[in-house]
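The values are calculated or read from the model by the stated rules, or taken from the named source; none is laboratory data. This one's a predicted model, so the numbers in the text were calculated from it and none came from an experiment. Positions of Cβ are backbone-derived with ideal geometry, glycine not excepted, and every protein chain shown enters the neighbour counts. Areas reflect the complete protein model, heavy atoms only, side chains present, ligands, DNA and RNA absent. Shrake-Rupley method; radii C 1.70, N 1.55, O 1.52, S 1.80 Å.
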Amino acid sequence: LLESSTPLAIGHQIGKRLPAPGERIYAISNALGIGMSITDGVVSGIRTQAGEIYVQFTAPIASGSEGGALLDEAGQLLGIIDYRQRDGQNVNFAAPTRWIGEVASRAASQKSQLAQLEVATTLAAKMDWSALTHHAEAWVKIYPDDSLAHFWLGSAALMQGNLVAAEYSYREAQRLDPNFLCAGLGLANALLRQNKTAESGEVAQSLLTRRKEDSDVWRLIGHIALVQNDLKGAEQAFRKVISLNPWAIRAYEGLASVAERQGDAVAQVDAWRMAASIDPNSSILNLKLASAWLALSKPKQALRVVERVLNGASANGDAWYWKGQALLGLQCPMQAEAAFRQSLRNNPISSAWVSSGLAEALWAQHRYEDAIAARREAVKIEPASPKWRGQLGIGLKDVGYLDEALEIFQRLATETPADPFPHRQIGFVRAMQVQHEASIAALERALVIDPKQGKVWAALVEQYHAIERKDDAIRAYRRLREIDSEFADLAYRNVIVNYEAAR
């Protein structure tokens with residue numbers, strides 16, 4: 001057949017039908033460029049990809065097979081082998097024979113589609129998502145059955161936070177090409193970001209049935225497990241990714257997230273250390289590693305990592321921030337202050353965090369008014385953040401500005417009534433104002449929300465004692481003994497021993 005020189009001879013041998021699943025077939029090609037070869041197998045099925053019909057078959061082929069012939073037992077041409085459509089071991093595809101008469105038109109169409117793809121990838125590289133949206137919309141109008149056009153439209157929508165539109169476009173891309181892995185990954189991501197976790201997981205599992213050894217699918221499964229707080233499942237998925245691709249930085253990032261939630265500081269350091277070793281020039285990864293060392297109470301190691309970053313990027317404001325934190329850990333508050341001030345001069349990602357660090361350094365030097373000023377600056381930068389307002393309130397309380405501190409905590413208690421923090425702080429301030437009943441009410445409220453606060457139980461014992469509620473003080477002390485022995489010993493020395501002495 002391949003050596004036939006007359007169109008008539010070839011025409012008589014072209015099959016007019018699609019083969020049936022299970023039918024025996026033969027693949028003739030120039031596999032690997034070493035000469036003509038023939039392999040046999042069977043038809044696995046008739047598949048649709050990107051709106052086109054393909055013959056899936058099992059005859060082994062290799063690179064160089066594209067353009068070869070797929071024949072039936074009678075020698076009729078059933079299809080043209082397309083090696084690029086290959087999707088796994090002995091899972092191969094051939095284009096139907098009707099394509100032969102459409103070669104010229106298909107070539108022109110493919111050239112146009114490649115031009116569309118080139119524009120899309122260029123716009124994506126520039127992160128010009130608005131322009132990509134307009135381009136993909138026009139692409140879809142020209143080629144409504146092109147799964148790539150819908151995929152890029154979905155990607156542009158996803159990057160702009162239009163999750164419903166992204167989901168729709170990814171579904172269209174998958175409908176046109178059920179084997180389009182990137183469309184499936186995009187769909188699962190769009191669903192996950194809409195908190196449709198179960199549906200996202202179903203999509204991921206469907207991808208896994210076709211791509212059991214694909215690291216991107218396993219990484220997606222790991223992230224879904226993280227959202228579901230299935231830490232064991234997440235860890236297993238991320239480790240599977242690493243077994244498939246040891247250089248997968250985002251899998252190590254996933255393991256670090258698992259370790260953080262498990263409170264495993266050692267595992268967190270190990271994960272960030274591996275990620276940073278893969279890309280040693282990444283400031284972000286190295287600073288994550290420095291942060292992990294600090295969480296492990298290893299400021300020397302953290303400082304060593306930060307200095308390495310600063311050697312290559314002396315104007316990195318975030319590196320100066322972490323240097324300040326490392327120096328605080330080493331009990332060098334003056335040097336820490338200098339590092340935080342240098343950070344503020346170099347545009348860190350969050351000036352509020354740096355101002356908070358600066359406040360800690362100043363407080364450690366007993367420069368309390370300056371520390372409060374730094375905390376006020378953090379609140380000024382991010383006024384909606386309860387964290388910075390809470391820290392300012394603590395500073396004001398500790399230096400005796402009780403009325404202003406109380407106002408801050410009362411506002412926080414109104415905004416976040418289920419958070420024990422403002423309630424216990426109100427209790428502490430009221431105790432300092434010698435308003436025992438009000439203090440007791442606030443402390444009891446904090447313990448209703450979280451009964452495992454040793455310091456709060458200890459304060460409550462003292463407040464009960466202050467207004468001679470002996471039985472309540474003893475009851476609170478006994479509960480404290482079950483929760484925190486250190487604070488219980490303190491309460492015993494300050495209060496309970498007096499009752500025993502009076503017997």
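Worth pointing out:
- Computed [θ] at 222 nm, deg cm²/dmol, the chain (DSSP H ≥ 4; -39,500 (n - 2.57); rounded to nearest 500): -20500 deg cm²/dmol
- Simple label model, 7 Å out from Cα along Cβ direction - residue 489 to residue 62, nm: 7.4 nm
- Average Cα contact separation per residue, segment 236-387, under 8 Å, 6 or more apart, as relative contact order %: 13 percent
- For residue 323, the aspartates and glutamates whose Cα comes closer than 17 Å to its Cα, not counting residues fewer than 8 places off in the same chain, are 307, 337, 360.
- Ranking 189, 169, 396 by how far each Cα lies toward the positive end of the dipole of the chain (charges on Cβ) leaves 396 at the top.
- Long pairs among 196/232; 126/212; 397/452; 141/196; 387/455, criterion Cα-Cα beyond 25 Å: 126/212; 141/196
- Tensor-based shape of the chain (alpha-carbon gyration tensor, a/c under 1.5 rounded, otherwise prolate or oblate): prolate
- Here, P(r) means the percent of Cα pairs in each 10 Å bin from 0 to the largest distance; for segment 374-472 it is 17, 46, 28, 7, 1.
- Dipole axis of the chain (+1 Lys, Arg; -1 Asp, Glu on Cβ), positive-most option in 247, 180, 203: 247
- Segment 261-406, Cα convex hull volume normalised per residue, Å³: 115 Å³
- Degrees separating the helix 333-345 axis from the principal Cα axis of the chain, which is the longest one: 50 degrees
- Pairs of Cα atoms in segment 112-239 fall into 5 Å distance bins, from 0 up to the last occupied one, in shares of 2, 12, 20, 21, 18, 13, 9, 3, 1, 0 percent.
- Computed over segment 179-299, the percent of Cα pairs more than 24 Å apart is 29.
- Average accessible area per residue (Å²) across the chain - probe 1.4 Å, nucleic acids and ligands excluded: 51 Å²
- The chain: antiparallel DSSP beta bridges as a percent of all, rounded to 5: 95 percent
- The angle separating the long axis of helix 317-329 from the principal Cα axis of greatest extent in the chain is about 40 degrees.
- For segment 232-346, projected area of the alpha-carbon convex hull averaged over all directions, nm²: 6.8 nm²
- Accessible surface of the chain [probe 1.4 Å, protein heavy atoms]: carbon and sulfur percent: 53 percent
- Computed over the Cα atoms of segment 328-442, the ratio of the radius of gyration to the Kirkwood radius (Rg/Rh) comes to 1.03.
- Between 0 and 90°, nearest 10: helix 265-278 axis offset from the chain longest Cα axis: 40 degrees
- 3J(HN,Hα) from dihedral phi, segment 125-132, Karplus parametrisation 6.51/-1.76/1.60, rounded to Hz, x for glycine, proline: 4, 7, 6, 8, 6, 5, 5, 5
- Length-normalised contact order of segment 290-349 in % [C-alpha pairs under 8 Å, at least 6 apart]: 33 percent
- For the chain, relative contact order (Cα pairs under 8 Å, six or more residues apart, normalised by length) works out to 5 percent.
- The magnitude of the dipole of the chain, with charges of +1 and -1 set on the Cβ of Lys/Arg and Asp/Glu and taken from the Cα centre, is near 660 debye.
- Cross-link reach list, aspartates and glutamates versus residue 470, counting only Cα pairs under 20 Å and skipping chain neighbours closer than eight places: 437, 444, 462, 482, 489, 500
- FRET efficiency for the residue 470 to residue 418 pair, using the beta carbon distance and R₀ = 45 Å, is estimated at 0.90.
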